[in-house]
Amino acid sequence: MAAKILNGNAISKDLRQEIRQLVESRTSEGLRIPGLAVLLVGNDPASEIYVKHKRRDCEEVGFHSNVQHLSANITQEELEKRVADLNRDTHIDGILVQLPLPAHIDPARVIDRIDPAKDVDGHHPYNIGRLALRRPALRSCTPKGVMLLLEHTGVPIRGLDATVIGASNHVGRPMGLELLLAGCTVTTAHKFSRDTRGAVASADIVVSAVGKPGLIPGQWIKPGAIVIDVGITRDAAGKLHGDVVFDEAAERASWITPVPGGVGPMTRVAMLQNTVTAAERVEH
Ligand code: NAD
């Protein structure tokens, strides 16, 4: 295997340690510890696992956490009221609404209600707009986690060709904006693209965020490219798969993320960093 592994578990562990030290120094200065609220609606098993991880992360770094597990039957109005209450709660710096929400809830309306200064997922239109205007405030967690991984490679990325596969509001689009902000020449491929292979083959950086195992065969990868696999698909046996055929791609790439243990832990640590940023902004 030629590629070096971007080990998100190890990199995020070091970053969590830094956050823990920051929380400790805040406490010794008499400042409030950062607080994160998570709203989990219904009983989606994957969401329950994600929220469990977030609670554990909060404990590890010393945050105050407020996890609310709400009924799948909650109304749009009740859920928006929970958000409004958390917007006013002075112990809470970050509000996270775990997606997906039940079909009767409009997720965009819920996210719109989050105070942008507490939007630690970075999904609010205000925060996406700030990123688009090159004045990032709270940045979308998964793209921010990917940028942390790229930083870890030590490769100067300004001027490189980057291809993002997937154009969702929460991942693909803000990912393209982050790479553009970093000075890359960005191509976005999506389900209507006619030559995704060509877009991948010319890229120095490939970020795949689709959720289709095997979508990117190793032969598509330009030798020496950095390959970041955001995709996570759980098979019938419970095993997780990325979009990229890892063994093949690792023969050609210079750096590659594993699934699991690549982007996932970086997304979580980016959210913790955003919560610290949100807490610090309250004091200034
Ligand atoms: P989504 O379903 O909202 O978007 C998928 C995107 O893929 C769409 O823009 C679609 O146009 C594109 N697409 C579909 N088929 C395609 C094809 N054949 N070729 C090219 N593009 C195609 O999904 P999402 O919420 O953006 O998540 C994408 C994946 O990333 C999922 O597997 C999800 O589980 C994973 N994810 C991982 C993390 C993490 O922290 N690792 C975070 C968020 C999402």
Original post:
Is one or more of the residues making up segment 51-59 touching a residue at least 12 places away in the same chain (Cβ under 8 Å), crowded, with 19+ Cβ neighbours inside 10 Å and more than 19 Å from the chain's Cα centre (by Cα)?
Top reply: no
Subject >> Unmet criterion (only one of (1) more than 14 Å from residue 5 (Cα to Cα); (2) touching a residue at least 12 places away in the same chain (Cβ under 8 Å); (3) surrounded by fewer than 23 Cβ atoms within 10 Å (Cβ to Cβ); (4) of a type outside the set (Asp, Glu)) for residue 206 >> reply: (3)
**OP:** Tell me, yes or no, whether segment 60-71 has at least one residue that is at pLDDT 95 or above and assigned to a helix (DSSP H, G or I).
**Re:** yes
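Could you say whether any residue in segment 246-256 is more than 30 Å from residue 92 (Cα to Cα) and in a loop (DSSP other than H, G, I, E, B)? Give the derivation first.
Narrowing segment 246-256 to residues more than 30 Å from residue 92 (Cα to Cα): 246-256.
Adding the requirement that they be in a loop (DSSP other than H, G, I, E, B) leaves 253-254.
Looking for residues that are more than 30 Å from residue 92 (Cα to Cα) and in a loop (DSSP other than H, G, I, E, B), one finds at least one in segment 246-256, hence yes.
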Original post:
What do you reckon, is residue 252 modelled with pLDDT of 95 or more, of a type in the set (D, E, K, R) and surrounded by fewer than 24 Cβ atoms within 10 Å (Cβ to Cβ)?
Top reply: yes
Original post:
In the set 134, 158, which member is among the charged types (D, E, K, R) and either touching a Pro at 6+ places or on another chain (Cβ under 6 Å) or under 13 Å from residue 176 (Cα atoms) (or both)?
Top reply: 134
**OP:** Could you tell me which residue of segment 12-47 is nearest to residue 147 (Cα to Cα), considering only residues that are assigned to a helix (DSSP H, G or I), of a type in the set (A, V, I, L, M) and out of contact with any strand residue (DSSP E or B) (no Cβ under 9 Å at 6 or more places or on another chain)?
**Re:** 15
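Within segment 226-240, can you find the residues that are in contact (Cβ under 8 Å) with a residue 24 or more places away in the chain and either near the ligand (Cβ under 9 Å from one of its atoms) or surrounded by fewer than 16 Cβ atoms within 10 Å (Cβ to Cβ) (or both)?
Taking segment 226-240 as the starting set, the residues that turn out to be in contact (Cβ under 8 Å) with a residue 24 or more places away in the chain are 226-232, 234.
Once the filter is applied, which keeps residues that are in contact (Cβ under 8 Å) with a residue 24 or more places away in the chain and either near the ligand (Cβ under 9 Å from one of its atoms) or surrounded by fewer than 16 Cβ atoms within 10 Å (Cβ to Cβ) (or both), segment 226-240 yields 229, 230, 231, 232, 234.
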Original post:
From the residues in segment 122-167 that are out of contact with any His (no Cβ under 8 Å at 6 or more places or on another chain) and in a strand (DSSP E or B), which one is farthest from residue 108 (Cα to Cα)?
Top reply: 161
Subject >> Looking only at segment 182-195, and only at residues there that are of a type outside the set (Lys, Arg) and more than 16 Å from residue 228 (Cβ to Cβ), the one that is surrounded by the fewest Cβ atoms within 10 Å (Cβ to Cβ) >> reply: 192
**OP:** Kindly provide the set of residues from segment 94-118 that are aliphatic (A, V, I, L, M), touching an Asp or Glu at 6+ places or on another chain (Cβ under 7 Å) and over 18 Å from residue 64 (Cβ atoms), ordered by number.
**Re:** 110
Original post:
Got a sec? Which of 217, 213 is under 20 Å from residue 242 (Cβ atoms), within 10 Å of the ligand (Cβ to nearest atom) and either modelled with pLDDT of 95 or more or touching a Leu at 6+ places or on another chain (Cβ under 6 Å) (or both)?
Top reply: 213
Original post:
When residue 90 is evaluated against the numbered criteria (1) buried (at least 17 other Cβ atoms within 10 Å of the Cβ); (2) closer than 18 Å to residue 277 by Cα, which criterion, by number, is the only one it fails?
Top reply: (1)
Original post:
Any idea which of 46, 37 is small (Gly, Ala, Ser), at negative phi and surrounded by 14 or more Cβ atoms within 10 Å (Cβ to Cβ)?
Top reply: 37
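If you go through segment 264-282 one residue at a time, do you hit one that is assigned to a helix (DSSP H, G or I) and either more than 22 Å from the chain's Cα centre (by Cα) or at positive phi (or both)?
yes
The values are calculated or read from the model by the stated rules, or taken from the named source; none is laboratory data. As the structure is a prediction and not an experimental result, all values here were calculated from the model. For neighbour counting, all protein chains shown are included, and Cβ atoms are generated from backbone atoms with ideal geometry for every residue, glycine included.
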